[in-house]
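Undergrad: Submitted below is the structure of interest, expressed as structure tokens.
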Amino acid sequence: MHDGLAHVDKFFTPTVKERKHEKTVSFRGRGLKGQEVTHPEGYTGLVLTEVQKPSSDQEDRVVKVSTVFHNFTYWNLETPPTSDDRVVMAMAWPKLAEMIHAPVED
């Protein structure tokens, strides 16, 4: 009988395979396909950590920046991400919104 730590990370480390613009990996026996996504120009990606949980719904949450990133991998189950995926489209929205709200020249 073993009653020590189980070094799971030593045996269950997923291997990401990269080909051109596509990444593949298996997670819990399911195939995932992904692509690297860059946030829009002028934006910064942030990972926020909650500093203190609010004691009620009326109280504001307090967060701090724990990490800054410039790109991330977006994963789909079995099928590669496309330009029609919501996350990919969301990255294009700031540029589109800027064009929509730009002054109209006569």
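The values are calculated or read from the model by the stated rules, or taken from the named source; none is laboratory data. Since the model is a prediction, treat every value here as computed from it, not as a measurement. We place every Cβ from the backbone using ideal geometry, glycine too, and count neighbours over all the protein chains shown.
Undergrad: Which residues, counting only those in the stretch 49-63, are surrounded by 10 or more Cβ atoms within 10 Å (Cβ to Cβ) and either touching a Gly at 6+ places or on another chain (Cβ under 6 Å) or of a type in the set (Lys, Arg) (or both)?
TA: Arg61
Undergrad: Further, regarding this structure: From the list Gly34, Gly42, Gly4, exactly one residue is assigned to a loop (DSSP other than H, G, I, E, B) and within 30 Å of Val88 (Cβ to Cβ). Which is it?
TA: Every option except Gly42 fails the conditions.
Undergrad: Go through the stretch 58-106 and give me each residue that's assigned to a loop (DSSP other than H, G, I, E, B), under 20 Å from Glu18 (Cα atoms) and polar (S, T, N, Q).
TA: Result: Thr79, Thr82, Ser83.
Undergrad: I would also like to ask the following. Would you please name the residue that is farthest from Val87 (Cα to Cα), looking only at residues in the stretch 21-40 that are charged (D, E, K, R) and modelled with pLDDT under 90?
TA: If we take residues in the stretch 21-40 being charged (D, E, K, R) and modelled with pLDDT under 90, then Arg28 is farthest from Val87 (Cα to Cα).
Undergrad: Look at Gln52 and say whether it is polar (S, T, N, Q) and over 16 Å from the mean Cα position of the chain (by Cα).
TA: Yes: the conditions hold for Gln52.
Undergrad: Please name all residue pairs, on different chains or six or more residues apart, with Cβ atoms under 9 Å, provided the first residue is in the stretch 12-30 and is under 16 Å from Phe72 (Cα atoms) and of a type in the set (A, V, I, L, M) and the second residue is assigned to a loop (DSSP other than H, G, I, E, B) and at pLDDT 85 or above.
TA: Short answer, once both residue conditions are applied: Val25/Val16.
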